Ligand SMILES: [Zn+2]
């Protein structure tokens, strides 16, 4: 087996790909929150990751990466989308307008009058990442419940997280049929009682579950907003531990061709940015919503390309390669593994025409989406060599493991795809 391998991990949700090279191990996305990513890595004796990359702040990509941070998995550095920082900046300066916030999340005036909301958001003391996380926990809770904790005065971040947990659990007691309680007990067992960071993670997990439980037809906006807030609470809570090396990537919306310093990896549509997040005066509910929307926009997401002298890998993520413009093509001049844009679903269809390979038979296209029912992009089916994480014939997981050896990508695990 060659020294370069590419693996699509069988995560419960979303996508997680692992590239092992002479220069270290790179993880591209981590699957869903509480999806057991660390266990999957340990079972495969992966060891230390040089970089864990998040290409888009979605639950199926960032969730597992938060689990790695939370569990102390050895990771050299994290590469995260800068939009999360812009959202934090907006949440940090959002003062007034909680009713506007509920309105943009899709709660009607009638909902609001029956829910009996306090007129303003409680203040949170401090000004570091934990304070921002606590403010986002309040905003996320408001988005998915239409309520705020019934507290006045100034709360510490720990008190805020506790109040949000209490609010979400009270909702469970009233509406029933949820699995939030075991999650909460599990969180408390892990010492979430007095450590604000663990409690922030507990909030993030509860918000994620709560958002997922909302009806997509009735509460679409609230669901999406709360989902993003759950992730943001996790990120900023964990960053308060101050033990992670993070590089932020700003999406520029056009083709970039710079290698990330000291790594054999190029970000195709973004650039690393330095510095702390700015404080843009005073954010309104609309500013805040705008920051959320930017993270969720269709085709949003970073695309990365790995390359050494012999082979390559192209990670398209959610980007759909739209930043290339309609006519531009991305040339591949060595055998490359390509993760199907948007996990092989129809949404990435246009991206297939943007990749132009010198020798398509030497490339392997991989598709990670776990849903059998989801329709497969025609562009994917047209590729000469391709593999699906969930075997399209047997309807079971067939983990994909590819190894580069003597000038070729070979399948060490995973049969040929027969999707049509
Ligand atoms: Zn298939």
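The values are calculated or read from the model by the stated rules, or taken from the named source; none is laboratory data. Here the structure is a predicted model, which is why all the values come from computation and not from measurement. Virtual Cβ from ideal backbone geometry, glycine too; neighbours counted across all protein chains shown.
Of all the residues that make up region 371-407, how many are within 12 Å of residue 9 (Cα to Cα), away from the ligand (no atom under 12 Å from the Cβ) and under 23 Å from the mean Cα position of the chain (by Cα)? Reasoning before the result, please.
We begin by selecting, within region 371-407, every residue within 12 Å of residue 9 (Cα to Cα); these are 388-390, 397-402.
With the extra rule that they be away from the ligand (no atom under 12 Å from the Cβ), the set shrinks to 397, 399, 401-402.
When the remaining residues are screened for being under 23 Å from the mean Cα position of the chain (by Cα), the result is 397, 399, 401.
Total meeting the criteria: 3.
Output the strands (runs of 3 or more DSSP E) that fall wholly within region 1-41 and possess 1 or more residues being within 15 Å of the chain's Cα centre (by Cα), or say none.
Working: elements: 4-8, 17-21, 24-28.
Qualifying strands (runs of 3 or more DSSP E): 17-21, 24-28.
For region 288-298, does any single residue satisfy the condition of being part of a loop (DSSP other than H, G, I, E, B), surrounded by 14 or more Cβ atoms within 10 Å (Cβ to Cβ) and touching a helix residue (DSSP H, G or I) at 6+ places or on another chain (Cβ under 9 Å)? Spell out how you get there, then give the answer.
First, the residues of region 288-298 that are part of a loop (DSSP other than H, G, I, E, B): 297-298.
Add one more test, that the residue is surrounded by 14 or more Cβ atoms within 10 Å (Cβ to Cβ), and what stays is none.
No, region 288-298 contains no residue that is part of a loop (DSSP other than H, G, I, E, B), surrounded by 14 or more Cβ atoms within 10 Å (Cβ to Cβ) and touching a helix residue (DSSP H, G or I) at 6+ places or on another chain (Cβ under 9 Å).
Could you check region 240-254 and list, in sequence order, the residues that are more than 19 Å from residue 295 (Cα to Cα) and in contact with a helix residue (DSSP H, G or I) (Cβ under 7 Å, 6 or more places away or on another chain)? Steps first, please.
Residues of region 240-254 more than 19 Å from residue 295 (Cα to Cα): 240-245.
Result: 240, 241, 244.
Quick one: residue 338 ticks every box in (1) within 16 Å of the ligand (Cβ to nearest atom); (2) surrounded by fewer than 20 Cβ atoms within 10 Å (Cβ to Cβ) bar one, so which box is it?
Going through the list (1) within 16 Å of the ligand (Cβ to nearest atom); (2) surrounded by fewer than 20 Cβ atoms within 10 Å (Cβ to Cβ), residue 338 breaks only (2).
Suppose we keep only residues that are within 14 Å of the ligand (Cβ to nearest atom) and crowded, with 23+ Cβ neighbours inside 10 Å within region 359-370. Which one would you say is farthest from residue 410 (Cα to Cα)?
Keep residues of region 359-370 that are within 14 Å of the ligand (Cβ to nearest atom), which gives 364-370.
Cutting the leftovers down to crowded, with 23+ Cβ neighbours inside 10 Å gives us 364-368.
Details: 364: 9, 365: 12, 366: 13, 367: 16, 368: 18 Å.
The residue in question is 368.
Does region 346-358 contain at least one residue that is within 13 Å of the ligand (Cβ to nearest atom) and either modelled with pLDDT of 90 or more or not in a loop (DSSP other than H, G, I, E, B) (or both)? Can you show your working first?
Restricting attention to region 346-358, the residues satisfying the condition of being within 13 Å of the ligand (Cβ to nearest atom) are none.
Taking every residue of region 346-358 in turn, none turns out to be within 13 Å of the ligand (Cβ to nearest atom) and either modelled with pLDDT of 90 or more or not in a loop (DSSP other than H, G, I, E, B) (or both).
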